[in-house]
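Below: one structure, written as structure tokens.
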Amino acid sequence: MPDAILTIMEQAQAKLNRMSWEALAAAQQIGSQLSKPVEAVVMGQEVRSIAEEVAAKRVTCVRLIEDPLLEEYTPDAYCMALSEIIAAQKPSLVLMPHTYQVRDFAPKLAAALGRSFLSDCIAYRVENGGLIFTRQLFQGKLNADLSFGCDPPCFVSVQAGCFRADQVVAGQGPAQIETFSTKIDPYKVRTKPLERFKEAKGALDLSQAEFIVAVGRGIKDQENLPLIQKLAEALGAEVAGSRPICDNGWLPMERQVGSSGQTVAPKLYLAVGISGAIQHLVGMKGSRTIVAINKDPNAPIFEVADYGIVGNLFDVVPALTEEINKAKGR
């Protein structure tokens, strides 16, 4: 549909990335304010069930693109398929989650269409009928407001955690699913997908975790980490760390949260012994509920925390773990 907001829903192995729901939530909010229809794109091979899942939400239409060359992600195939559907539908805005995959293909897609790509946006506002997006610069120390000067479509990706996946509005009934036929030239697909890479055995994507217990320098020594691990086990949470913890090798690098690590937005983020440097806050301030434990009442982490405990973590954490286990009948 011309002038619609087109949301690209990222999936892998027939499972939607949670950040795709965050992008759809942003699209619905923008569409509501600008009175524009919201559409979604699902790409892959044999992914109609994914399209049906998206169609249950409040969207005008789900565009389903299926092709054997889209079964595994490649930037060339994705760009060819999306270029065709964008040319056919003429949306005013293309909205995407700011994932590693989007970072790979979106600049190529925007450049091929002669448009700008505004990445990693944290907010937007409507001003004089137009959109102004906010993105962070210098590791979150400065916010910049930006608008597009080019003709539509405009390309935007949204930072993890800045829009809540649980705020996606359900539809009153299933939206229409329209199959879109593409003409992907196999000779122009220059990359061949190999086996999916895992950084280490047990490596994880913290951005998908619902509960996280993160630890900072307040833990003092690696030998004290079992205190944090017991608390995480009691909560059913993943363990994460600030940069100094991971730089010291106390936790694997894939568990680092912050500007040089992962950006997370769990339901609960429990920060233990973390002072709250801006580089760390950038990676977790989109969490739904933030609880901080720190002995310094002036620690910056308390500025973003919903709940704060001022105290020695070596006293607080064991007591908290015990109470959680009691509440769960353990």
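In whole Hz, what ³J(HN,Hα) sequence does the stretch 109-115 give by Karplus (6.51, -1.76, 1.60; θ = phi - 60°), x for Gly and Pro?
Each residue of the stretch 109-115 in turn: 5, 4, 5, 4, 9, x, 10 Hz.
How do 219-227, 207-215 rank on mean C-beta neighbours within 10 Å, highest first? Don't skip to the answer; put the middle values down first.
On the way: 219-227: 13.7, 207-215: 21.8.
The packing order, highest mean first, is 207-215, 219-227.
For the chain, what is the percent of antiparallel DSSP beta bridges, rounded to the nearest 5? Don't skip to the end; give the middle numbers.
Working: 14 of 60 bridges.
In the chain, DSSP labels about 25 percent of beta bridges as antiparallel.
How much of ARG63 can a 1.4 Å solvent probe reach, expressed as accessible area in Å² and rounded to 10?
20
In Å, what Kirkwood hydrodynamic radius results for the stretch 7-62 from the alpha-carbon pair distances? Provide the component values of the computation, followed by the final result.
Values: mean 1/r = 0.0880 Å⁻¹.
Roughly 11.4 Å, rounded to one decimal.
Based solely on its DSSP helices, what 222 nm [θ] is calculated for the chain when runs of n ≥ 4 H residues each add -39,500 (n - 2.57) and the sum is averaged over all residues, nearest 500 deg cm²/dmol? Mind showing how you got there, number by number?
Details: 9 runs with 92 residues, N = 330.
When only DSSP H runs of four or more count, the value is -8000 deg cm²/dmol.
When the chain is fully extended, how far beyond the present Cα-Cα distance does GLU84 get from GLU127, taking 0.36 nm per residue of separation? Write down the numbers at each step before the final one.
Numbers: separation 43, 0.36 × 43 = 15.48 nm, distance 3.09 nm.
Extra length from GLU84 to GLU127 when fully extended: 12.4 nm.
Which distance in nm do the two modelled labels at SER32 and ARG288 give, with both placed 7 Å along the Cα-to-Cβ direction?
1.7
If you count the DSSP beta bridges with both ends in the stretch 1-112, what percent of them are antiparallel, to the nearest 5? Intermediate values should be presented prior to the final figure.
Values: 2 of 16 bridges.
Close to 10 percent.
Hey, with R₀ at 56 Å, roughly what FRET efficiency would ARG217 and GLU52 work out to, going by the Cβ-Cβ distance, to 0.05? Could you put the intermediate results ahead of the total?
Working: r = 48 Å, r/R0 = 0.85.
Efficiency, from the Cβ-Cβ distance: 0.75.
Counting only the heavy atoms of the protein chains, how much of TYR78 is accessible to a 1.4 Å probe, in Å² to the nearest 10?
10
At 1.4 Å probe size, with the rest of the protein present, what percent of the exposed accessible area of the stretch 175-325 is carbon and sulfur atoms? All intermediate terms of the calculation are to be shown ahead of the outcome.
Details: 4030 of 8230 Å².
Its accessible area is 49 percent carbon and sulfur atoms.
Using the beta-carbon distance between GLU195 and ALA319 and R0 = 35 Å, what value does 1/(1 + (r/R0)^6) give for FRET efficiency, to the nearest 0.05?
0.15
Take the chain, connect every pair of alpha-carbon atoms lying under 10 Å apart with a spring to form a Gaussian network, then pick out the residue of PHE314, PHE117, PHE155 with the largest mean-square fluctuation.
PHE314
Below 8 Å, C-alpha to C-alpha, sequence gap of six or more: please give me the relative contact order for the chain in percent.
Working: 683 pairs, mean separation 50.8, N = 330.
Relative CO of the chain lands at 15 percent.
If I stretch the segment between THR179 and MET253 completely, what's the gain in nm (0.36 nm per residue apart, minus their alpha carbon distance), one decimal? Before the final figure, lay out the partial values.
Numbers: separation 74, 0.36 × 74 = 26.64 nm, distance 4.14 nm.
Contour length minus the Cα-Cα distance gives 22.5 nm.
Sort 316-328, 253-265, 104-116 by the packing proxy (mean of other Cβ within 10 Å over each peptide's residues), most packed first.
Values: 316-328: 14.5, 253-265: 21.5, 104-116: 16.4.
In decreasing order of mean packing, 316-328, 253-265, 104-116 become 253-265, 104-116, 316-328.
Treating only the Cβ of Lys, Arg, Asp and Glu as charged (+1, +1, -1, -1), what charge dipole size does the stretch 1-48 show about its Cα centre? Round to the nearest 20 debye. Write down the numbers at each step before the final one.
On the way: 4 positive and 5 negative charges, 23 e Å.
Dipole size: approximately 120 debye.
Counting only heavy atoms of the protein chains, get the accessible area per residue of the stretch 183-267 (1.4 Å probe) and round it to a whole Å² value. Before the final figure, lay out each step's value.
Values: 5160 Å² over 85 residues.
Result: 61 Å² per residue.
State in Å² the accessible area per residue of the stretch 30-167; use a 1.4 Å probe, count heavy atoms of protein chains only, and round to the nearest integer.
Values: 5940 Å² over 138 residues.
Counting only protein heavy atoms, the per-residue value for the stretch 30-167 is 43 Å².
The values are calculated or read from the model by the stated rules, or taken from the named source; none is laboratory data. Keep in mind that what you see is a predicted model, and the values were worked out from it rather than measured. So basically every Cβ, Gly included, is an ideal-geometry build from the backbone, and we count neighbours across all protein chains shown. Protein only, heavy atoms only, side chains kept; ligands, DNA and RNA dropped before computing areas. Shrake-Rupley method; radii C 1.70, N 1.55, O 1.52, S 1.80 Å.
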